[in-house]
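Enquirer: Next up is a structure, given as structure tokens.
The values are calculated or read from the model by the stated rules, or taken from the named source; none is laboratory data. It should be emphasised that the depicted structure is a prediction, and the values quoted were computed from it without experimental measurement. All Cβ positions, even for glycine, are placed from backbone atoms using ideal geometry, and neighbour counts span all protein chains on display. What goes into the accessible areas is simple: the full protein's heavy atoms, side chains included, and nothing from ligands, DNA or RNA. Shrake-Rupley method; radii C 1.70, N 1.55, O 1.52, S 1.80 Å.
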Amino acid sequence: MPHRDRSLPRGFPLNPHRTGVARGRRILLRLLLCGLFLITGLNLAIAADHPDQLMTQGSEAFHRGDFEQALAAWKDAARLFGEQGAVRLQSQALLGAAQAAQTLGHTKQALQSLELALALAQQQTDRVWQATVLAHLGRAYLETRHLDMAADLLAQAHTMAGQQPSPSLMASILNDQGILAVLQQHEADALAAFADAIRLAQAGQAPMVALHARINAARAALRLGRPDDSRRWTDQALEQLTLLPPSHDKAQALVRVGRLYARLRTLLPDIQSPLLLRAAGALQESATVAKSLGDTRTLSYALGYLGHLYETEHRLDDAIHLTRQAWFAAQSVDAPESLYRWEWQLGRELGLAGQLDEAIDAYRHAVATLQPIRPQLTQAHAGDPPDEQDSIRPLFFELADLLLQRASRGPGAPGIEQDILAARDAIEASKAAELRDYFRDDCVDALQARTMPFDRLAPSTAVVYPILFPTRIELLVSLPTGLTRYLVPIDDKRVTQEIRAFRRLLEKRTTHEYLPHAQHLYDWLVRPIQADLNRLHITTLVFVPDRALRTVPMAALHDGTAFLIDRYAVASTPGLTLTDPHPLDRTRTRILAAGLTVSVQGFPALPYVAEELASIESLYKGQRLENHDFLATRLETELREGRYGVLHIATHGHFSPEPADSFLLTYDGKLTMTQLDRLVGLLRFRQDPLELLTLSACQTGIGDDRAALGLAGVAIKAGARSALASLWFINDEASTALIAEFYRQLNNPSASKAEALQRAQRHLLKDRVYAHPAYWAAFLLLNNWL
């Protein structure tokens, strides 16, 4: 029988204050903390006039993992040194304060301290110290993913350190430059930098720098597909760790080593058992060191990852026991950045143990803990290589899965409808978070503040919400009669294969190879709900696609007789809470239409764009910017001074997984999504925001799920209620015909935007020349379809 600490509560403590044991622990913890604060306060008061003592206290606190006390001591020391005019010492104290703030996730505070420390260091003649502060500032920008700034600062530090005999400093800089190379996906360069860092750290007697470089080399080797080399580096790191005295750094490094061994198990199956023992040993040793130091934060991580190790071995009792201990440790030091992990992990383990209600409670606590710290968490993990960053997407999907499992307990069971709604809300939270992370700002939150639920607005509209799980598709459909659930048993991999094939073959204008895939997707996504759509006389379908489904036009799904667009107007939105549903006010519609017809910057000419712009100009009041008039500066002037409700841009464009690499071509350059956001953002907070943003002749990559976020996201980030954009580059003449017909139909007060697009697409579908979906299906209406 596995050992279990019987003093721990058996169930997940939803509210620790409600249990006697937990209440006693909380009271004891508070008394201990109060005593600690009194002692700490007394010590700080005694040291108030002695900044040197504050520096020592800061170092001791940091060494044992008490970063709040370290930060307070170093900040006070910096203030006192400043009052004394001790510039060098003030700079050192600020550097310490920045390290503590950074460890706590207070990135902005860390950067401010480092900028001031650098300004003070530059008043001195000590070039080694200047290089040291530059290197720390570069590392701070590295961890916030400002890679260009980090590269510049680290290069300056490298040059300056190279002029001085300081191998330990150069080793530290090379280690950071190796991390930068990993983030830039230059793994071979990274590995070389780490190797040089180890050599110089050994020469400069900097064991911790050598240790971190070895661990980073092991991670880089994993990314290069060299698990044997990774194991060699990890073994060397563990061997070095056995020689180091107890410290916070040692405890943290043991956690990293334990996680590396755990990852290597699946890549080196022949030695899986020894690697498991090493992983468990490293994590257990980390817990022992952290406990001896009173470093409860690191103890939480050691116990939590040890719990996950037991989970992978299907020893659920031990896993749940350890995860609860990790949860308690994280809660006791108010560490939400780790607390949500262990709430999540506990939920997963309880779910595997069949304790469904307790698992859902744990997941809900994880979501509640995570939401306030999402921005800081994104920055905190930015310094990790992409494959080692923790994705929070599965948290929401696993919660939704459990909720839907509970809703399947049978008719008459209580709370079924609430669980289905809660499952949809969980996926919504994931979609909003994904879009927020894609653009790395809070534009999504600003939009959500002014949106309203739209899934029951129109009696002839249905909102189709497909959720792809590993063994099934869940279709949550908002009908005029309420939310209905449909289950389609199909493997997720099979669905994704069909989507990829459908997307790729749609562009082949000379064949109908796409048709079987169009029919399969129809059978899975539409046919299960067809009877209800017919019974309720639905005429508009709004899809909320997920993952790979974002890359395909639903309008081209086929029932064996006709395309979906023949029967329904179709629109898409990235999420229910990301749409501002208001009908187009045609009485106030002015259009700013811009485009290129000539070849510029190596891109081919788009001669039919002139006809496209002319047709829009004949229907609506507004302004036309063509060729040499289509400049970013002119666009900004027009948006500032005009009252435009529609912005139409007909030019070459590309959306990629990184928004910084997405662009629209102007006559004199490339308009990035950041620049477009700044320009169109001029309209974002006015009373009548941009009604429609049309991007004609743009494209995304096949199978590029994150690039598809750019199509929908650009409208949201720019504050537009709707966007019309193309998934792939289509025939210039066909595009002009479709766009012109769309705007003609949009001029009809009885037509919604979705219906206007439907009529335009059917207009081309009836033309024998353009009947193939390659010509008309690429255009998607995104967000508000009214």
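Enquirer: What are the equivalent ellipsoid semi-axes of the stretch 505-630, built from the alpha-carbon gyration tensor (square roots of five times its eigenvalues), in whole angstrom, biggest first? It would help to have the intermediate numbers written out before the result.
Expert: Numbers: eigenvalues 236, 100, 39 Å².
The answer is 34, 22, 14 Å, longest axis first.
Enquirer: For the stretch 244-366, report the accessible area per residue in Å² (1.4 Å probe, heavy atoms, rounded to an integer). Before the final figure, lay out each step's value.
Expert: Values: 4730 Å² over 123 residues.
On a per-residue basis, the stretch 244-366 sits at 38 Å².
Enquirer: While we're looking at this one, here's another question. For the stretch 154-256, report the convex hull volume of the alpha-carbon atoms normalised per residue, in Å³, without decimals.
Expert: Working: hull volume 9.5 nm³, N = 103.
Normalising the Cα hull of the stretch 154-256 by residue number yields 92 Å³.
Enquirer: Got a sec to turn the phi values of the stretch 767-776 into Karplus ³J(HN,Hα) couplings, 6.51 cos²θ - 1.76 cosθ + 1.60 with θ = phi - 60°, whole Hz, x for Gly and Pro?
Expert: Here the 3J(HN,Hα) series is 8, 4, 6, 10, 5, 5, x, 4, 8, 10 Hz.
Enquirer: Taking the Cα-to-Cβ direction at residue 640 and at residue 63 and moving 7 Å from each Cα, how far apart do the two end points lie in nm?
Expert: 5.8 nm
Enquirer: Once the other residues with Cβ under 11 Å from the Cβ of residue 311 are scored (Lys, Arg +1; Asp, Glu -1), what is the net sum? Could the numbers behind the result be given before it?
Expert: On the way: positive: 315, 348; negative: 313, 317, 318, 349.
That sum, taken over residues with Cβ under 11 Å, equals -2.
Enquirer: Using 0.36 nm per residue, how much length does the chain from residue 471 to residue 769 gain when fully extended, once their Cα-Cα distance is taken away?
Expert: Values: separation 298, 0.36 × 298 = 107.28 nm, distance 4.08 nm.
Here the answer is 103.2 nm.
Enquirer: Here is a further query. On a full-extension model of 0.36 nm per residue, what is the gain between residue 277 and residue 611, subtracting their alpha-carbon distance, rounded to one decimal in nm?
Expert: Details: separation 334, 0.36 × 334 = 120.24 nm, distance 7.07 nm.
Gain in length upon complete extension: 113.2 nm.
Enquirer: Between residue 508 and residue 603, what FRET efficiency follows from the Cβ-Cβ distance if R0 is 25 Å, with the result rounded to 0.05?
Expert: Working: r = 23 Å, r/R0 = 0.92.
FRET efficiency, residue 508 to residue 603: 0.60.
Enquirer: Report, ordered by chain and residue number, the lysines lying within cross-link reach of residue 753, taken as a straight Cα distance under 21 Å and ignoring same-chain residues fewer than 8 apart.
Expert: In chain and number order, the partners are 621, 717, 766.
Enquirer: Rounded to the nearest percent, how much of the accessible area of the stretch 76-215 (1.4 Å probe, protein heavy atoms only) is carbon and sulfur?
Expert: Ligands and nucleic acids excluded, carbon and sulfur give 50 percent.
Enquirer: Using the C-alpha gyration tensor of the stretch 196-305, what are the square roots of 5 times its eigenvalues, in whole angstrom, with the largest one first?
Expert: On the way: eigenvalues 90, 75, 19 Å².
Output for the stretch 196-305: semi-axes of 21, 19, 10 Å.
Enquirer: Still on this structure: Can I get the semi-axes of the stretch 79-195's equivalent ellipsoid? Compute them from the C-alpha gyration tensor as square roots of 5 times the eigenvalues, in angstrom, largest first. Mind showing how you got there, number by number?
Expert: On the way: eigenvalues 127, 57, 20 Å².
They are 25, 17, 10 Å, listed from largest to smallest.
Enquirer: Extending each Cα 7 Å along its Cβ direction at residue 536 and residue 566, get the distance between those two points in nm, one decimal.
Expert: For the pair residue 536/residue 566, the computed spacing is 2.4 nm.
Enquirer: Do you know the relative contact order of the stretch 462-516, to the nearest whole percent, from alpha carbon pairs under 8 angstrom that are 6+ apart? Kindly include the intermediate steps, with their values, before the conclusion.
Expert: Working: 68 pairs, mean separation 13.1, N = 55.
With pairs under 8 Å counted, the relative contact order is 24 percent.
Enquirer: Right, something else. Can you run phi through the Karplus equation (6.51, -1.76, 1.60; θ = phi - 60°) for the stretch 224-230 and list ³J(HN,Hα) in whole Hz, with x for Gly and Pro?
Expert: Couplings: 7, x, 10, x, 5, 5, 4 Hz.
Enquirer: According to a simple spin-label model (label point 7 Å from Cα along Cα-to-Cβ), what is the distance in nm between residue 87 and residue 244?
Expert: That separation, rounded to one decimal, is 3.5 nm.
Enquirer: Gain in length, residue 164 to residue 421, computed as 0.36 nm per residue apart minus the alpha-carbon separation, to one decimal in nm? Mind dumping the intermediate values first?
Expert: On the way: separation 257, 0.36 × 257 = 92.52 nm, distance 6.37 nm.
Once the chain is fully extended between residue 164 and residue 421, it gains 86.1 nm.
Enquirer: Using the beta-carbon distance between residue 460 and residue 408 and R0 = 35 Å, what value does 1/(1 + (r/R0)^6) give for FRET efficiency, to the nearest 0.05?
Expert: Values: r = 30 Å, r/R0 = 0.86.
Calculated value: 0.70.
Enquirer: Which shape class, rounded, prolate or oblate, goes with the stretch 268-384 when its Cα gyration tensor gives a ≥ b ≥ c as root eigenvalues, a/c under 1.5 marks rounded, and past that a/b bigger than b/c marks prolate? All intermediate terms of the calculation are to be shown ahead of the outcome.
Expert: Values: a/c = 1.59, a/b = 1.17, b/c = 1.35.
Oblate, because a/c is 1.5 or more while a/b does not exceed b/c.
Enquirer: Oh, and also: If you roll a 1.4 Å probe over the heavy atoms of the protein chains, what accessible area per residue do you get for the stretch 55-108, in Å²?
Expert: That works out to 41 Å² for each residue.
Enquirer: With a 1.4 Å probe and every protein chain left in place, work out the accessible area per residue of the stretch 153-226 in Å², rounded to a whole number. Before the final figure, lay out each step's value.
Expert: Working: 2840 Å² over 74 residues.
Roughly 38 Å² per residue, with all protein chains present.
Enquirer: What's the FRET efficiency of residue 128 with residue 353 using the Cβ-Cβ distance as r and R₀ = 45 Å, to the nearest 0.05?
Expert: Working: r = 56 Å, r/R0 = 1.25.
Step by step, r from the Cβ atoms, then E = 0.20.
Enquirer: Let me ask something else about it. Counting only protein heavy atoms, what percent of the accessible surface of the stretch 497-598 is carbon or sulfur at a 1.4 Å probe?
Expert: On the way: 1860 of 3630 Å².
Here carbon and sulfur together make up 51 percent of the probe-accessible area.
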